[in-house]
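K.L.:
Could you have a look at this structure, given as structure tokens, before my questions?
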Amino acid sequence: MRLQDENKKAAIFHATIKLVNEIGFVAASVAKIAKEANVSPATIYIYHKNKEDLLVSIFLDIKQKKNSVGMKGFDESAPLKESLRKLWHNSFKFVSENKGLLQYSDQFLNSPYSDLVEDSQDSAGFQHFHAAFESAAREKIIKKVDVKLLTAFIFAPLTQLANPRTSGGVKMTRKNIESAFEMAWDAIKLDSQ
């Protein structure tokens, strides 16, 4: 069994994102990815079973990175709005600073490859936050609806606004980022909050 080399693994990760963003999933063959990563095609199979596994793994790695950054400083004992604000700002910063990763994720989510990701894999890292949502709904702080609806109203605007191609030219100053957060919060909170 050959040992894994973290540098080669990182090169494959970055090469795959670059090629998928430039030429798409279909045209980004294992051979092209290997050439871009400066490894042999056989090396890719040390890390991944096949191309599908490579593409899904990269999507999940990006999700994990984004979730990890977003949840930095999360405090279950803090009021939900303040925790959500921290998550929003952390996530906004990550997405706006990693446009290539966002582009890959967007393409992935709009491709048949997204069907290969199980719900449990997709929401990994946010279990504590989902529990906080459920608790806040029981306490009548936010609307009692499916957690996926809540997260859609919170995070879809964030990714759209953080992407210059989809933001409609809105300059995302600190004030606008905070205003966008307040609008997202208004979408999920109960009127009495």
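The values are calculated or read from the model by the stated rules, or taken from the named source; none is laboratory data. From a predicted model like this one, the values you see are computed outputs, not experimental measurements. As a convention, Cβ positions derive from the backbone with ideal geometry for all residues, glycine included, and neighbour counts pool all protein chains shown. Protein only, heavy atoms only, side chains kept; ligands, DNA and RNA dropped before computing areas. Shrake-Rupley method; radii C 1.70, N 1.55, O 1.52, S 1.80 Å.
K.L.:
Amide H to amide H, which residues 5 or more places from Ile142 or on other chains are under 5 Å from it, using H placed in the peptide plane?
P.N.:
Amide H to amide H, under 5 Å and 5 or more residues apart or across chains, Ile142 pairs with Ala137, Leu190.
K.L.:
Please sort through the DSSP H helices of the chain and keep those with an alpha-carbon extent of at least 24 Å along the long axis and a Kyte-Doolittle average not below -1.0.
P.N.:
6-27, 51-70, 80-97
K.L.:
Something else now. How much of the accessible area of the stretch 61-193, in percent, comes from carbon and sulfur atoms when a 1.4 Å probe is used?
P.N.:
53 percent
K.L.:
Only helical DSSP H runs with n ≥ 4 go in: add -39500 (n - 2.57) per run for the chain, normalise by residue count and round the 222 nm mean residue ellipticity to 500 deg cm²/dmol.
P.N.:
Mean residue ellipticity at 222 nm (helix-derived): -22000 deg cm²/dmol.
K.L.:
If you don't mind, there's one more thing I want to ask. Please give the net charge around Val69, taking every other residue with its beta carbon less than 10 angstrom from that of Val69, where Lys and Arg add +1 and Asp and Glu add -1.
P.N.:
+3
K.L.:
So with the 1.4 Å probe, I'd like the accessible area per residue for the stretch 46-133, rounded to whole Å².
P.N.:
With the other protein chains kept in place, the stretch 46-133 gives 51 Å² per residue.
K.L.:
Starting from the Cα-Cα distance between Leu149 and Lys175, subtract it from 0.36 nm times their residue separation and give me the gain in nm to one decimal.
P.N.:
6.8 nm
K.L.:
What relative contact order, as a whole-number percentage, does the chain give when Cα pairs under 8 Å and 6 or more residues apart are counted?
P.N.:
It rounds to 19 percent for the chain.
K.L.:
Can you list the lysines whose alpha carbon is less than 25 Å from that of Lys175, not counting same-chain residues fewer than 8 positions off?
P.N.:
Here the lysines satisfying the reach criterion relative to Lys175 are Lys66, Lys72, Lys81, Lys86, Lys93, Lys99, Lys189.
K.L.:
Shifting gears a bit: Considering only Met183, Leu60, Asn98, whose Cα is most displaced toward the positive end of the charge dipole of the chain, charges sitting on Cβ of Lys, Arg (+1) and Asp, Glu (-1)?
P.N.:
Looking along the dipole axis, the top candidate is Asn98.
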